[in-house]
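Undergrad: Let me begin by handing over the structure; questions about it come next.
The values are calculated or read from the model by the stated rules, or taken from the named source; none is laboratory data. Remember, it's a predicted structure, so these values are computed and weren't measured experimentally. No Cβ is skipped: glycine too gets one built from the backbone with ideal geometry, and neighbour counts run over all protein chains shown. Quick note on the areas: whole protein, heavy atoms, side chains included, nothing else; ligands and nucleic acids left out. Shrake-Rupley method; radii C 1.70, N 1.55, O 1.52, S 1.80 Å.
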Amino acid sequence: MPTVHIDNVGEIALIECAGRFVRGQAALKLRDAVRSQIDVRVVVLDLTEMHAIGGGGLGMLVLLQRWARDHDIRLKLFNPSGPVRDKLKHVDFEIATLEQMMTL
């Protein structure tokens, strides 16, 4: 079962995603977590523990990227696993480095 955990630090929301995001329910859980962050400047999705992402999860990331842009929020992805990174390379996402994360 995929999990989502939110930590807020000032104007930054760190959303940790764990598990397999391959079905609709997981994508909706991610959507709800990100869209609840309307008072931040940056949303970082920590994908360290996300083991797989399917078409529904990838499509949701694209929609969330557009939603964030429409709300003047930067959406960054952090530390995607190999299989997830392979899926992400087909879409233009901002992937934060460890150095960038430290400055946030």
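Undergrad: Under 7 Å by Cβ, and 6 or more places apart or on different chains, what pairs join a residue from the stretch 18-39 that is touching a residue at least 40 places away in the same chain (Cβ under 8 Å) with one that is crowded, with 16+ Cβ neighbours inside 10 Å?
TA: Sorted first by the residue in the stretch 18-39, then by its partner, the pairs are 34/15; 34/43; 34/64.
Undergrad: What is the number of the single condition among (1) within 18 Å of residue 13 (Cα to Cα); (2) of a type in the set (Lys, Arg); (3) in contact with a strand residue (DSSP E or B) (Cβ under 7 Å, 6 or more places away or on another chain) that residue 66 does not meet?
TA: Going through the list (1) within 18 Å of residue 13 (Cα to Cα); (2) of a type in the set (Lys, Arg); (3) in contact with a strand residue (DSSP E or B) (Cβ under 7 Å, 6 or more places away or on another chain), residue 66 breaks only (3).
Undergrad: Search the stretch 76-100 for residues being hydrophobic (A, V, I, L, M, F, W, C) and touching a strand residue (DSSP E or B) at 6+ places or on another chain (Cβ under 6 Å), and hand back the single one that is nearest to residue 20 (Cα to Cα).
TA: Of everything passing the filter in the stretch 76-100, 84 is nearest to residue 20 (Cα to Cα).
Undergrad: List the residue pairs whose Cβ atoms are under 6 Å apart, where the first residue sits in the stretch 68-82 and is without any contact (Cβ under 8 Å) to a residue 60 or more places away in the chain, the second is open to solvent by less than 40 Å² (accessible area, probe 1.4 Å) and in a loop (DSSP other than H, G, I, E, B), and the two are 6 or more positions apart or on different chains.
TA: 77/93
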